[in-house]
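Novice: One structure coming up, written as structure tokens, with questions to follow.
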Amino acid sequence: MSAIDRTIVGQEFDRTTFAPVTAEQIVAYAASYGDPDPRYAAPRADMIAPPTFALSLRGKHFMPRHMPLHLGRNSFDAGKDIEVGADVRPGDVLTAVSTVHDVYEKTGRSGSMTFIVFRTTVVNQSGATVATVDQKMMFRGEATDEHR
Amino acid sequence: MILDLHAHSEASEDSRAPLETYLKWLQRKRDLLPIDGIVLTEHRQWDPSLDYRPLEDQYGIRILRGAEVETDYGHILLYGVTDAMTRRFDFADVRLSAQEVVSEVARLGGVAAPCHPGRPTIGLCEHYAAGKPPLDGVVAVEALNGGSRRGENERVQAVIDAYGYGAFGGSDAHLVSLIGICATEFDDDVRSIDDLVAALKGRRYRPVDFREQVRAARGAA
């Protein structure tokens, strides 16, 4: 296995602007994971979305169209971190911009792994950041002679 | 004096443990874990700008720093890291030559010590068993690792006996509740990273295991 290709770091691979957030969307999102908080149970004048609402947004591309070939075909979700910013309210127009934030390798009991961190920054119509989401994917490449 | 020589804080990508929470935990668990200090050995990195002296003063716990790098003989802890070492090696490279790391770190005034030697793939024992030549210049290995699975620490004694390595212990904590469960007892006071490097070369230390008493305390709670 050769050294990792970090040329994709910084590459923007998706930019999606969504239709205005609705109160019904917020209610449905909270209900999807059984949130009992009454603030999300029904539309109301001072409604805000749960802090993790940005995780429900789906852009057009989950990862870059052209991934480095050496990463191999086996991958899985290695977790996500979310940093919450401004509140999301009904009527907000959100834009999500996704970039390759980091690529790094590590070795463990089972051999070598490459991790890619996709960072999605979600901003509202005023340009305020409502969430920064780092999604890690772990790729298991071809076994090296050492790890076969 | 008892130090945990192997711990990761949230600076490592696979840990969620804030340093200050480790210190609060050790303060609170003093009766169970008589740890005088910890050595943060973050994965594949070294930040020369960090200064933990205010936290040391606040909590009365010594905080030293090292690094954990990845080599062709498994993972290796570095103590006494200098700018010259970070210029000599890319700590993020997971294919470092273990022999070069051991030799060059010693030449530059530090100690490079293989950690969790009993683990598959990333432990020294497996590489020795595969017939690779023994590393020249190793002074100590982590004989007791708090994150190892059953049987992995037990594999290390044969290598220690065969090559005369010093034996130390570390928790390898990535979670707050695991800090200090394995550590090293030194006969001499270790006030600085230079003291630690000298002590590791001097062999007046031994691993100490607090896992059983921690388990017993949890069971009693």
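Novice: Return the sequence-ordered ³J(HN,Hα) values of the stretch B:199-215 in whole Hz as given by the Karplus equation 6.51 cos²θ - 1.76 cosθ + 1.60 applied to θ = phi - 60°, using x for Gly and Pro.
Specialist: Taking θ as phi minus 60°, the curve returns 5, 4, 6, x, 6, 9, 7, 7, x, 10, 10, 10, 4, 5, 5, 5, 4 Hz for the stretch B:199-215.
Novice: What residues qualify as long-range amide H neighbours of residue B:190, i.e. H under 5 Å apart, gap of 5 or more or another chain, H built at 1.01 Å from N?
Specialist: none
Novice: Can you tell me, using C-alpha contacts under 8 Å and at least 6 residues apart, the relative contact order of chain A as a whole percent?
Specialist: 31 percent
Novice: Per residue, how much space in cubic angstrom lies within the convex hull of the C-alpha atoms of the protein assembly as shown?
Specialist: 174 Å³
Novice: Still on this structure, I have one more. Provide the percentage of antiparallel DSSP beta bridges, counting only those with both residues in chain B; round to the nearest 5.
Specialist: Taking every DSSP beta bridge with both residues in chain B, the antiparallel ones total about 50 percent.
Novice: Take every residue in peptide A:107-120, count the Cβ atoms of other chains within 10 Å of its Cβ, and give the average of those counts.
Specialist: Averaged over the peptide's residues, the number is 3.
Novice: What are the semi-axes of the equivalent ellipsoid of the stretch B:2-220, taken as the square roots of 5 times the eigenvalues of the Cα gyration tensor, listed largest first and rounded to whole Å?
Specialist: Each semi-axis is √(5λ); the values are 25, 20, 16 Å.
Novice: Taking the stretch B:126-193, which chymotrypsin sites (Phe, Trp or Tyr not before Pro) meet the DSSP loop condition and have no more than 12 other C-beta atoms within 10 Å?
Specialist: none
Novice: Return the whole-Å distance between the Cα centroid of the stretch B:1-45 and the Cα centroid of the stretch A:80-121.
Specialist: 27 Å
Novice: Just grab the label-to-label distance for residue A:31 and residue A:83, each label 7 Å out from Cα along the Cβ direction, in nm (one decimal).
Specialist: Once both label points are built, they end up 3.4 nm from each other.
Novice: Which trypsin sites (Lys or Arg not before Pro) from the stretch B:100-151 combine a DSSP loop assignment with at most 16 other Cβ atoms within 10 Å?
Specialist: Within the stretch B:100-151, the qualifying trypsin sites (Lys or Arg not before Pro) (loop, at most 16 other Cβ atoms within 10 Å) are B:149, B:150.
Novice: Starting from the 7 Å offset along Cα-to-Cβ, what nm value, one decimal, do you get for the label separation of residue A:97 and residue B:86?
Specialist: Each label point lies 7 Å from its Cα, and together they span 3.0 nm.
Novice: Calculated FRET efficiency, residue B:51 and residue B:195, Cβ-Cβ r, R0 22 Å, to nearest 0.05?
Specialist: 0.80
No value in this document is a laboratory result; all are computed from the given coordinates. Just so it is clear, the model here is predicted, and its values are computed rather than measured. Ideal geometry is used to build each Cβ from the backbone, glycine not excepted, and the neighbour counts take in all protein chains shown.
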